[in-house]
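Novice: This structure is in structure tokens; I'll ask about it shortly.
The values are calculated or read from the model by the stated rules, or taken from the named source; none is laboratory data. Being a predicted model, the structure only gives us computed values, none of them experimental. Using ideal geometry, Cβ is built from the backbone for each residue, glycine included, and neighbour counts are taken over all protein chains shown. Note: accessible area is taken over every heavy atom of the protein model, side chains too, but ligands, DNA and RNA are not part of it. Shrake-Rupley method; radii C 1.70, N 1.55, O 1.52, S 1.80 Å.
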Amino acid sequence: MISPVFDAPLLLVEGEMRVLVAADIHLGLEHELMLGGICIPSQTEKILSRMLSYLDEIKPDRLVLLGDVKHNVPRTSWQEKREVPEFLSSLSSEVKVDVVPGNHDSNLTDMAPLGVRMHPSTGFVLDGVGYFHGHTWPDERVVAADRLVAGHLHPAVRLADPLGHATVRPVWAKAQLLASVIAMHYGSSRDCPLNREIIIAPAFNHLCGGLPLNEPVEDPHGPLMAMADWDRARLYLLDGTDIGSMAEIKAALSMRPGQ
């Protein structure tokens, strides 16, 4: 069973073991903001405290970090060199930690302490579920899993009130894989099984912002936008509210005055 943790950007996968999943933590984002003239203190301690509180409450057997644990690329900031190893060490002292590197995770393998299991960027399969970050095509064994979970997109939705004021809210996105696209990319002579789902997790770091999926996406952001049927994808707010399919959301917004 796969279910979001209520009011949190976390996924709980329950099978032979209980696996807690988080994506896009982006430790060190404050360094990039500082270079742009926005100075805020490091948020790593607060992020760690949040994560530890969830671990204490949920008590999973494993914690899977779906990429972009750190933020700055191609170089690693002084902040990351100091804080990322301590962050991962604190988590691994509480639970077994698995990491799938994302496109921001340059040098992460060198910083990861003993006890943290680093996987290929193409992902891995655990208890029948395929995990990958999403900036690159997953391994064939991952894409063949019954269900897939990814991050990378920071999925969100832009919602407008009757007065036209819009807010961007993080969401869970659940979509059907496009069997024809999967078969074409992997050179399979047969289509992959039908009706398989992929779940895209929102960013754990509140400062990351999000990609409104109900607006035109100019940058493909890797293979995720091609792999799934996004018109029929369903979006869920972090409190569990099902706000409908992508097509329904776009249609509703287009009917508002001034749209």
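Novice: Any idea what the alpha-carbon Rg over 2.2 N^0.38 Å comes to for segment 56-97?
Specialist: Details: Rg = 12.2 Å, N = 42, 2.2 N^0.38 = 9.1 Å.
So the Cα radius of gyration is 1.34 times the expected 2.2 N^0.38 Å.
Novice: Whole number please: convex hull volume per residue of the Cα set in the chain, in Å³? Before the final figure, lay out the partial values.
Specialist: Numbers: hull volume 36.0 nm³, N = 259.
Value for the chain: 139 Å³ per residue.
Novice: Pop out the ³J(HN,Hα) list for segment 34-41 in order, Karplus 6.51 cos²θ - 1.76 cosθ + 1.60 with θ = phi - 60°, rounded to Hz; leave Gly and Pro as x.
Specialist: Result, ordered by residue: 4, 5, x, x, 10, 10, 10, x Hz.
Novice: Based on the Cα gyration tensor of segment 6-50, what are the three equivalent ellipsoid semi-axes, each the root of five times an eigenvalue, rounded to whole Å and given largest first?
Specialist: On the way: eigenvalues 185, 19, 14 Å².
After scaling each eigenvalue by five and taking roots: 30, 10, 8 Å.
Novice: Using a probe radius of 1.4 Å on heavy atoms only, what accessible surface per residue do you get for the chain? Whole Å² is fine.
Specialist: Numbers: 12650 Å² over 259 residues.
On a per-residue basis, 49 Å².
Novice: Could you give the length gained by full extension between S3 and M184, i.e. 0.36 nm per residue of separation minus their alpha carbon distance, to one decimal place? Write down the numbers at each step before the final one.
Specialist: Working: separation 181, 0.36 × 181 = 65.16 nm, distance 3.04 nm.
This chain segment gains 62.1 nm when fully extended.
Novice: Rounded to the nearest 10 Å², what accessible area does D146 show when all protein chains are kept and the probe is 1.4 Å?
Specialist: 110
Novice: Would you mind pulling out the separation of the Cα centroids of segment 94-139 and segment 12-70, in Å?
Specialist: Taking the Cα centre of segment 12-70 as reference, the centre of segment 94-139 is 14 Å away.
Novice: From the phi of every residue in segment 116-123, what ³J(HN,Hα) in whole Hz does the Karplus formula 6.51 cos²θ - 1.76 cosθ + 1.60 yield, where θ is phi - 60° and glycine or proline is x?
Specialist: Result, rounded to whole Hz: 9, 8, 8, 10, x, 5, 7, x.
Novice: Compare H185, H119, H104 in a GNM of the chain, Cα atoms joined below 10 Å, and give the one with the largest fluctuation.
Specialist: Maximum among the listed residues: H185.
Novice: What ranking of M227, M1, M17 comes out by heavy-atom accessible area, probe 1.4 Å, highest first? Could the numbers behind the result be given before it?
Specialist: Values: M227 0, M1 145, M17 45 Å².
Final ranking, largest accessible area leading: M1, M17, M227.
Novice: Got a sec? What order do W78, W230 fall in by accessible area at 1.4 Å, biggest, i.e. largest, first?
Specialist: W78, W230
Novice: Which of these, P216, P120, P85, has the largest mean-square fluctuation under a Gaussian network model of the chain (Cα springs below 10 Å)?
Specialist: Sorting by GNM fluctuation, first place goes to P216.
Novice: Something else now. Over the heavy atoms of V181, what accessible area does a 1.4 Å probe trace out, to the nearest 10 Å²?
Specialist: Taking all protein chains as shown, V181 has close to 40 Å².
Novice: Mind giving me the FRET efficiency for E45 and D161? R0 is 35 Å, r the Cβ-Cβ distance, nearest 0.05 is fine. Kindly include the intermediate steps, with their values, before the conclusion.
Specialist: Values: r = 35 Å, r/R0 = 1.01.
That pair, E45 with D161, gives E of 0.50.
Novice: Projected area of segment 202-257, taken from the Cα convex hull and averaged over every viewing direction, in nm²?
Specialist: Details: hull surface 20.2 nm².
Its Cα hull, projected and averaged over all orientations, spans 5.0 nm².
Novice: Can you pull a Stokes-Einstein diffusion coefficient for segment 82-122 at 4 °C (1.567 mPa s), Rh from Kirkwood over Cα pairs, as a whole number of µm²/s?
Specialist: Working: Rh = 10.4 Å.
Using the Kirkwood radius from Cα pairs, D works out to 125 µm²/s.
Novice: Also, quick follow-up: What order do F204, F124 take when sorted by accessible area (1.4 Å probe), most exposed first?
Specialist: Numbers: F204 0, F124 20 Å².
Final ranking, largest accessible area leading: F124, F204.
Novice: Take the solvent-accessible surface of the protein heavy atoms, probe 1.4 Å, and return the percent of it on segment 55-103 that carbon and sulfur atoms account for. Don't jump to the answer; show the numbers that get you there.
Specialist: Working: 970 of 2160 Å².
It is 45 percent, rounded to a whole number.
Novice: State the percent of C-alpha pairs, over all pairs in segment 1-134, separated by a distance greater than 23 angstrom.
Specialist: On the way: 2665 of 8911 pairs.
Value for segment 1-134: 30 percent of Cα pairs lie more than 23 Å apart.
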